[in-house]
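Notes to accompany the following structure.
The values are calculated or read from the model by the stated rules, or taken from the named source; none is laboratory data. All values derive from a computational prediction rather than experimental measurement. Cβ placement follows ideal geometry from the backbone for every residue including glycine, while neighbour counts extend to all protein chains displayed. Ligands, DNA and RNA are stripped out before the accessible areas are found, and what is left, the full protein with its side chains, is counted by its heavy atoms. Shrake-Rupley method; radii C 1.70, N 1.55, O 1.52, S 1.80 Å.
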Amino acid sequence: MTVRTDPLERAAARSARLEERIAASPERFRVLTGDRPTGPLHLGHLLGTLANRVRLQRAGVEVFLVIADYQVVTDRDLVGTLAQNVREVLLDYLAAGIDPSTATIFTHSAVPELNQLLVPFLSLVTVAELQRNPTVKAEAAASGGSAPGALLLTYPVHQAADILFCRGNVVPVGRDQLPHLETTRLVARRFNARYAPSAPLFPEPEGLLSEVPVLLGTDGAKMSKSRGNAVELRATEDKTRRLLGRARTDSERTVTYEPERRPAVASLLLTAASCTGRTPTDLADEIGDRGAAALKAVVVEAVNEHLRPLRRRRRELAADPGHLRDVLAAGNRRATGIAADTLDRVRTCMDMAY
Ligand code: ATP
Ligand code: MG
């Protein structure tokens, strides 16, 4: 038996066990996850989490998606583009197959009761705990040296409110989000212990990683909306070809799948594998010593083929802005009802029901 020591391997093993439990009784699970409306979604989102959300929805799990607009102002100055970005993310969700007749899509700024949960939740963690959070540290570093605002420090607690307001217990995320999720679990545990010891109010949600927990961008770093290294889902086939054509590889001629030693090549192989249902090792063997150019051609073909139906649906959906507004309004209404109910229960637990 092998002993798993790598945290990512352990997280992957936990995800695999979670998948089995979900398959056995999907009705016992509720997905809550989301994205910051800092721009349109990219391949990293699709392969890292969005495809999992769609799959779980189809398997009968109820899905809640938060478009985390308040989190944009943690480290961005995007005034004037926020509403457009929210529409872009919504389009990506629907085009990827999220079904708004069963899924709830909402912006957290529209749900005051969710935000009020922040007050009791903030009392349950220490400043030092938040300062130690690796995601907070990484995001502070990424904000380009400007002093991080207080909202960035409370980001993981806000995320706890996003997840716990609807008592979400499965959170499909990319690897970078796992430390945030630990804060949510801590908040749930401490709330239950302090205020609801005999009948726990909140579940301790579990992260669900995909086969692609971190997709690298064209510069070899994590693909990210804000780094200019992303292949957007909405990109044209030509643009996709140009972007992937520039993707970083390495100087070895023969293509092999070695994620540790050759991360950039491995990420390209994983992308093509996820898009075609093949294994990365298979693809690598097939490309062999035809080198990076052949690898990129395979990836471009796989991505464009895989995204063709999504892109077609996206164009159709974009032509009907009224529908997008309706979807969001209905999601915000539903989320508000649930958040109000949770806040009532929280008040009761805290002896604040007057
Ligand atoms: P930003 O640069 O504005 O932070 P982002 O590209 O990192 O944007 P987020 O909105 O922060 O996107 O992330 C939304 C979700 O998508 C999270 O669950 C995150 O883990 C996942 N995700 C983002 N980028 C990747 C990636 N490159 N690979 C796998 N998952 C990803
Ligand atoms: Mg991010």
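Quick notes on this one:
- Candidate set: the stretch 215-234, residues that are of a type outside the set (Gly, Ala, Ser), crowded, with 19+ Cβ neighbours inside 10 Å and within 12 Å of ligand 2 (Cβ to nearest atom); chosen: the one farthest from PRO40 (Cα to Cα): LYS222
- Flag if VAL298 is out of contact with any Ser or Thr (no Cβ under 7 Å at 6 or more places or on another chain) and crowded, with 17+ Cβ neighbours inside 10 Å: yes
- Leading residue by the ranking (nearest to ligand 1 (Cβ to nearest atom)) among those in the stretch 182-193 that are closer than 24 Å to SER25 by Cα and open to solvent by less than 10 Å² (accessible area, probe 1.4 Å): THR184
- Helices (runs of 4 or more DSSP H) fully within the stretch 1-106 counting 1 or more residues that are among the hydroxyl-bearing types (Ser, Thr, Tyr) and free of Cβ contacts under 8 Å to residues at least 60 places away in the same chain: 82-96
- A Cβ distance below 7 Å, combined with a sequence gap of six or more or placement on separate chains, defines the contacts here; from the stretch 163-181, residues that are in contact (Cβ under 8 Å) with a residue 24 or more places away in the chain reach residues that are open to solvent by less than 30 Å² (accessible area, probe 1.4 Å) and basic (Lys, Arg) in the pairs PRO172/ARG53.
- Criterion violated by ALA138 - all others in (1) open to solvent by 30 Å² or more (accessible area, probe 1.4 Å); (2) more than 13 Å from ligand 1 (Cβ to nearest atom) satisfied: (2)
- When restricted to residues that are of a type in the set (Gly, Ala, Ser), open to solvent by less than 60 Å² (accessible area, probe 1.4 Å) and over 23 Å from ARG333 (Cα atoms), the stretch 141-166 contains 2.
- Residue within the stretch 249-262 that is assigned to a helix (DSSP H, G or I) and either within 26 Å of GLY39 (Cβ to Cβ) or within 15 Å of ligand 1 (Cβ to nearest atom) (or both) present: no
- Only one of GLU113, GLU88 that is away from ligand 2 (no atom under 16 Å from the Cβ) and open to solvent by 10 Å² or more (accessible area, probe 1.4 Å): GLU113
- Within the stretch 171-190, if we keep just the residues that are under 19 Å from VAL127 (Cβ atoms) and touching a helix residue (DSSP H, G or I) at 6+ places or on another chain (Cβ under 7 Å), the residue that is farthest from ligand 2 (Cβ to nearest atom) turns out to be VAL187.
- From the list GLU211, GLU237, the one residue that fits, being surrounded by fewer than 17 Cβ atoms within 10 Å (Cβ to Cβ), more than 10 Å from ligand 1 (Cβ to nearest atom) and within 15 Å of the chain's Cα centre (by Cα), is GLU211.
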